[in-house]
1. Within segment 28-47, can you find the residues that are out of contact with any Lys or Arg (no Cβ under 6 Å at 6 or more places or on another chain) and under 19 Å from residue 239 (Cβ atoms)?
2. Kindly indicate whether residue 179 is part of a strand (DSSP E or B), buried (at least 19 other Cβ atoms within 10 Å of the Cβ) and either touching a helix residue (DSSP H, G or I) at 6+ places or on another chain (Cβ under 7 Å) or in the same structural domain as residue 91 (by TED's automatic domain parsing) (or both).
3. Starting from segment 271-297, keep only residues that are surrounded by fewer than 14 Cβ atoms within 10 Å (Cβ to Cβ), then list their pairs with residues that are part of a helix (DSSP H, G or I) whose Cβ atoms are within a distance under 8 Å, requiring at least 6 positions of separation or different chains.
4. Out of all the residues in segment 65-81, which are among the acidic types (Asp, Glu) and part of a helix (DSSP H, G or I)?
5. Among (1) under 27 Å from residue 86 (Cβ atoms); (2) modelled with pLDDT under 90, which single condition is residue 124 missing?
6. Answer yes or no: is there a residue in segment 85-98 that is farther than 30 Å from residue 179 by Cβ and in a loop (DSSP other than H, G, I, E, B).
7. Could you tell me which of the residues 187, 176, 191 is in contact with a His (Cβ under 8 Å, 6 or more places away or on another chain), within 30 Å of residue 288 (Cα to Cα), modelled with pLDDT of 90 or more and of a type in the set (S, T, N, Q)?
8. For residue 77, indicate whether it is of a type outside the set (Ser, Thr, Tyr), modelled with pLDDT of 95 or more and over 15 Å from the mean Cα position of the chain (by Cα).
Amino acid sequence: MKTQYTGIYRLLIQKHNSDIVHLYEHVIIQSFKHTLEQRGYSLALCGNLHGETFREVCFIEYMFFDENVERIFKDFMSNKSRMLDRYVQNELEVIEAESKSHLLIPSQDKLQKKLNEIDSLTWIDASSNKEIARHIATESDQIDHTILSDKRSKKSFRDIAILIGIIDCSVEEKLSFYGILPIIYNSLAKSIHELGMYELSTSPPRYDDDYNAMTGCIIFSMKRGNHTTASIQKHINSLAKDMDILNHQDELKTYVSNYAHSARTVSFPIDFYSYAGLVTSPSQVAEQMSAISVQRLLEKCVIKTVPATDYLFEQCVN
């Protein structure tokens, strides 16, 4: 049984400013996520998209749990007009938080024109493409670097952490927390991304013996002055309601099946014991993840926004 649908798309960008392409990469990923939500899918449950931009090439890598989501993505990438302009400003803020730099844009109109030019280019499905390998060189004399530039300013940005925990856990809740923490991270990442913040790292699920608690941590970067820990906390307080698991039960079943049978979870029993002292398997974790039990666990979660410390960074993985 196939449990994951994966692939990579490639865009050749030798004649374009890679900083603008990086912005475009962000914008079309958000545009596709909007398409999925319009189709009724939960972004917390459908899988992951990741983009990476180099001087000559931009890549978008995907991993979905549902073949239909992959089909929607392939259709989206084959369009000649993919980008939704509404996401440009927010993604500029996200990239500033990612690079900890101020972006300098002399002309919004020229920037938009360049984004539209890039959006008209053809993406190649790199996982099925048969073309001969070759070296790609930058055509630097054709690149306009005046439309978008940056000014490094680390002091203008700060890192915050969101702590997730369940206190006084039963063994069943410990198992279920292991399975749902990636879903929680996806949901939090969506909410925080809307605030113009950039995800830096996440921790594996850990057991705290002092409180009989399961915990997790996700760290973001943001521009100083944009938000306070209190305003961020208010934005994420309705996590269980926002995730709406009971209205996405089919997607949850697909996710759980993937968790139980995927090759990516083969080594998880080592992690279960290393981080939580549990001797178990992915299939046993999956058995605890009915829609009702997941919803109850989400409602039991305590979520707290705090400044990121060196200790919290050490608890996370890149």
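The values are calculated or read from the model by the stated rules, or taken from the named source; none is laboratory data. For clarity, every value in this text was computed on a predicted model and none was experimentally measured. When we count neighbours, we look across all protein chains shown, and the Cβ atoms used for this are built from the backbone with ideal geometry, even at glycine.
1. Within segment 28-47, 33, 37, 41, 42, 44, 45, 46 qualify.
2. For residue 179, the condition - part of a strand (DSSP E or B), buried (at least 19 other Cβ atoms within 10 Å of the Cβ) and either touching a helix residue (DSSP H, G or I) at 6+ places or on another chain (Cβ under 7 Å) or in the same structural domain as residue 91 (by TED's automatic domain parsing) (or both) - is not met.
3. Within 8 Å, the pairs are 279/269; 279/272; 279/273; 283/260; 283/261; 292/246.
4. If we filter segment 65-81 for residues that are among the acidic types (Asp, Glu), which is where we start, we get 66-67, 70, 75.
Result: 67, 70, 75.
5. Single failed check for residue 124: (2).
6. No, segment 85-98 contains no residue that is farther than 30 Å from residue 179 by Cβ and in a loop (DSSP other than H, G, I, E, B).
7. Step by step, each of 187, 176, 191 is checked, and only 191 is in contact with a His (Cβ under 8 Å, 6 or more places away or on another chain), within 30 Å of residue 288 (Cα to Cα), modelled with pLDDT of 90 or more and of a type in the set (S, T, N, Q).
8. yes
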